[in-house]
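Some notes on the structure that comes next.
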Amino acid sequence: MLQLRLSEQRGQADFGWLRSKHSFSFGGYHDAEHIGFGPLRVINEDMVSAGGGFDTHGHADMEIVSYVLEGGLEHRDSIGSGSVIRPGDVQRMSAGTGIRHSEFNASRTDPVHFLQIWIVPERNGMEPSYEQRHFDRAERHNQLKLVISGMPESDALHIHQQADIYASLLDKGKSLSHKPEAGHGQWLQLACGELLVNGEQMRSGDGLAITGEAEIDIKALDDAEFLLFDMAQVSMQVHGSGP
């Protein structure tokens, strides 16, 4: 079962310094039909203008992933972590019992373009933690690279949920396939380019909810960058399936 979430159907917010598109209900945007997908609660595509950013604010009991597409995102938090995240970098922050952080565009001249992802953890009240890792282009080029995993023994960043995230840079004309475990559900978020996924055509910004498919065949109709989420215990009911 495939359900396409078109880019132009997403919620939108424009604060001048921030332009954001929401795949699921977030902030002032509420859509009862698009609350989340299993434990996947937020996918925001954010564009922050030069010098702009999010002042220090708090989170709790959420796994937060940042994936930068263009520019640099400067991060500071209350557990002493701090860095600039650039394309190829993946950041994971487990908010747990509570963490405060800020995120700013690291440039005074150019915007930063990134995906912010929230995943509900398998349990609340864990100790806050932070990880960051760079994945070279070669690791993601024409293949699915595991960048986030619920399995601690993997070489990916670890989150506290039965959810894996794969990143890929797929050249036009190239194809990939993924065979999920029975009962798992997938969400594919296309950052840029054009894909054909099990016969469904996707364009930049589109998302695709996938349930009950024995195999996922992905072909690039144009050069594409995307994330593939593979999550356990995702209901066949796609819309309104968030926590």
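Among residues of region 1-23 that are under 19 Å from residue 211 (Cβ atoms), those with a Cβ under 7 angstrom from a residue that is hydroxyl-bearing (Ser, Thr, Tyr) and part of a loop (DSSP other than H, G, I, E, B), sequence gap 6+ or separate chain, pair up as 5/23.
Which condition breaks for residue 146 when tested against (1) in a strand (DSSP E or B); (2) in contact (Cβ under 8 Å) with a residue 24 or more places away in the chain; (3) within 15 Å of the chain's Cα centre (by Cα)? Tallying (1) in a strand (DSSP E or B); (2) in contact (Cβ under 8 Å) with a residue 24 or more places away in the chain; (3) within 15 Å of the chain's Cα centre (by Cα), residue 146 fails exactly one: (2). Here is the figure for region 80-120: residues that are assigned to a strand (DSSP E or B) and either farther than 24 Å from residue 155 by Cβ or more than 16 Å from the chain's Cα centre (by Cα) (or both) total 12. Scanning region 134-166 for residues that are buried (at least 20 other Cβ atoms within 10 Å of the Cβ) and among the acidic types (Asp, Glu) yields one hit, 164.
One residue alone among 204, 177 is in contact with a helix residue (DSSP H, G or I) (Cβ under 8 Å, 6 or more places away or on another chain) and either closer than 21 Å to residue 64 by Cα or not charged (D, E, K, R) (or both), and that residue is 204.
Yes or no: region 68-85 includes at least one residue that is of a type in the set (Lys, Arg) and modelled with pLDDT of 90 or more. Within region 68-85, not a single residue is of a type in the set (Lys, Arg) and modelled with pLDDT of 90 or more.
Could you give every pair whose Cβ atoms fall below 6 Å, whose first residue belongs to region 58-81 and is more than 19 Å from residue 133 (Cβ to Cβ), and whose second residue is surrounded by fewer than 16 Cβ atoms within 10 Å (Cβ to Cβ), counting only separations of at least 6 or pairs across chains? Pairs found: 58/100; 60/98; 61/124; 78/100.
Yes/no per residue for (1) in contact with a Lys or Arg (Cβ under 7 Å, 6 or more places away or on another chain); (2) within 30 Å of residue 8 (Cα to Cα):
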residue: 53; (1), (2): no, yes
residue: 57; (1), (2): yes, yes
residue: 71; (1), (2): no, yes
residue: 74; (1), (2): no, yes
residue: 83; (1), (2): no, no
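If you go through region 87-105 and keep only what is surrounded by fewer than 21 Cβ atoms within 10 Å (Cβ to Cβ) and closer than 15 Å to residue 69 by Cβ, you end up with 87, 88, 89. Listed conditions (1) crowded, with 21+ Cβ neighbours inside 10 Å; (2) within 13 Å of residue 11 (Cβ to Cβ) are all met by residue 37, apart from (2). Taken as a whole, region 5-28 holds at least one residue that is aliphatic (A, V, I, L, M), loosely packed, with under 15 Cβ neighbours inside 10 Å and modelled with pLDDT of 95 or more.
Would you check if residue 169 is outside any loop (DSSP other than H, G, I, E, B), in contact with a His (Cβ under 8 Å, 6 or more places away or on another chain), buried (at least 22 other Cβ atoms within 10 Å of the Cβ) and modelled with pLDDT of 95 or more? The answer is yes for residue 169.
The values are calculated or read from the model by the stated rules, or taken from the named source; none is laboratory data. Quantities reported herein were computed from a predicted structural model and do not represent experimental measurements. Cβ coordinates were reconstructed from backbone atoms using ideal geometry, including for glycine residues, and neighbour counts include every protein chain displayed.
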